[in-house]
Amino acid sequence: MVLSCVILLAGLLGFVTSASALEDVNLQAPGSSSVNSLIYRIGQERGFYKENGLNVLAILASSQAGIQGLVGGSFHFSGTSGVGTAAAMRGAPLKNVMVFDTRPLFWLYASKKIKSVQDLKGGKVVGISSLGANTDLITREVLLANRIDPRRDVVIQALGTGAIRLQALLGGGVDATILNPLESLVAKKAGFNEILFYGDYDLGIVSGGVIVTDRLLSEKQEFVRRFLRGTLSAFRWFSANEKDATALMAKTFKIANDDSLLVYRSTLKSLTTDGTIPLETQRKIIASHRESLKMDKEIAPEEIFDFSVLRSIK
């Protein structure tokens, strides 16, 4: 059911190989214009997954559909950490096993008539991906930090992927929306206004990483280890190779090299060093989600995060 409503990124991102001896992996990818998706592409194209006997099929799905497909068995892994964390806190049998970033690399862009975040008051429409997703949680939090009630002062509207949100902004369907670095470049060049940068706020949210079911982690730990080993190799390659990574981003996302370099250097500021996060950060993420979900129940970090396999690789 879930797979019938997603789009294979094979033609767009070139993830799929024809090596029949390799074990296929169904991965729910965050989006074709996401730097997080590029990590997985690097793993495939540079042979890091092949070295581990895997062929990764990256499949584009919304955050909600991705987590549903993960729980239902349509996906082996998901790159949607925000919704996955929220689902785990509600009782879904999921774990964060790798984290790419420690602060959100997003911007809020608005129509040409809106000059500041305060201009959103009065019922302006603000686009996010889906309710409960990272884009929703952090947008509500930064609005509150700017004395804007997200329930009364604005209308939060779920639109879907970043590409859809960008088109909604460009076409006048929303007054403002959250955009990633690549989408922000398009909005900026089109004359739209940047009204805040999410990375300036201490939000306790991660947006990229690897989510897996408890069952797969328990029953096929070696399979999980091979996928994480390939992903970690790709993650390290991206972090350590500015010139080649920048060229790959420019080619993949069809942007100028100078723009690609800006995106790359901005991305490095948000990345973890090794795919794990400290216990204090884990607790902060849980606290942020508890507040957003209005949960009274105490939740231990080990119920949401499990970096044991990743640490065994290192």
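For the range 107-200, averaging the sequence separation of C-alpha pairs within contact (under 8 Å, six or more residues apart) and dividing by the residue count gives a relative contact order of 48 percent. Using the Stokes-Einstein relation with a Kirkwood hydrodynamic radius computed over Cα pairs, the translational diffusion coefficient of the chain at 10 °C and a viscosity of 1.306 mPa s comes to 81 µm²/s.
If you plug the beta carbon distance of residue 247 and residue 152 into 1/(1 + (r/R0)^6) with R0 = 45 Å, you get a FRET efficiency near 0.45. Take the Cβ atoms of residue 237 and residue 287, set R0 to 45 Å, and the FRET efficiency comes out at 0.85. Running a GNM on the chain with Cα contacts under 10 Å, which residue among 143, 38, 94 ends up with the highest mean-square fluctuation? The residue with the greatest mean-square fluctuation here is 143.
Membrane-span-like helices of the chain, defined as complete DSSP H segments with a Cα extent of 20 Å or more along the helix axis and a mean Kyte hydropathy of at least -0.5, are identified as 221-240.
Comparing 299, 205, 39 in a Gaussian network model of the chain, where Cα atoms under 10 Å apart are tied by springs, the biggest mean-square fluctuation is seen for 299. Modelled spin-label separation between residue 90 and residue 164, with each label point placed 7 Å from Cα along the Cα-to-Cβ direction: 1.7 nm.
The alpha carbon centroids of the range 62-82 and the range 85-132 are separated by 18 Å. Sequence-distant contacts, meaning Cα pairs under 8 Å at least 6 residues apart, place the relative contact order of the range 134-245 at 22 percent. At what distance in angstrom do the alpha carbon centres of the range 291-314 and the range 155-180 lie from each other? Each part reduced to its Cα centre gives a spacing of 31 Å.
Given the rule -39500 (n - 2.57) for each run of at least 4 DSSP H residues, summed and divided by the residues of the chain, what is its mean residue ellipticity at 222 nm, to the nearest 500 deg cm²/dmol? Computed mean residue ellipticity for the chain: -13000 deg cm²/dmol. Here the range 107-200 carries DSSP beta bridges of which approximately 55% are antiparallel, counting only pairs with both residues inside. Legend: distances between Cα atoms for 254/294; 121/188; 95/189; pairs beyond 31 Å are 254/294; 95/189. Distance between the modelled labels on residue 119 and residue 22, one decimal in nanometres: 4.8 nm (7 Å Cα→Cβ projection).
Maximal additional length on extending the residue 268-residue 112 stretch stands at 53.2 nm, based on 0.36 nm per residue less the C-alpha distance. Of the GluC sites (Glu not before Pro) found in the range 245-314, those in coil by DSSP whose Cβ has at most 10 other Cβ atoms within 10 Å are 298.
Principal axis extents of the Cα atoms in the range 107-200, from largest to smallest and rounded to whole angstrom, are 30, 26, 26.
Where a number appears in this text, it was derived from the coordinates with a stated rule and is not lab data. Note that the structure is a prediction, hence the values are computed from the model and not measured. Positions of Cβ are backbone-derived with ideal geometry, glycine not excepted, and every protein chain shown enters the neighbour counts.
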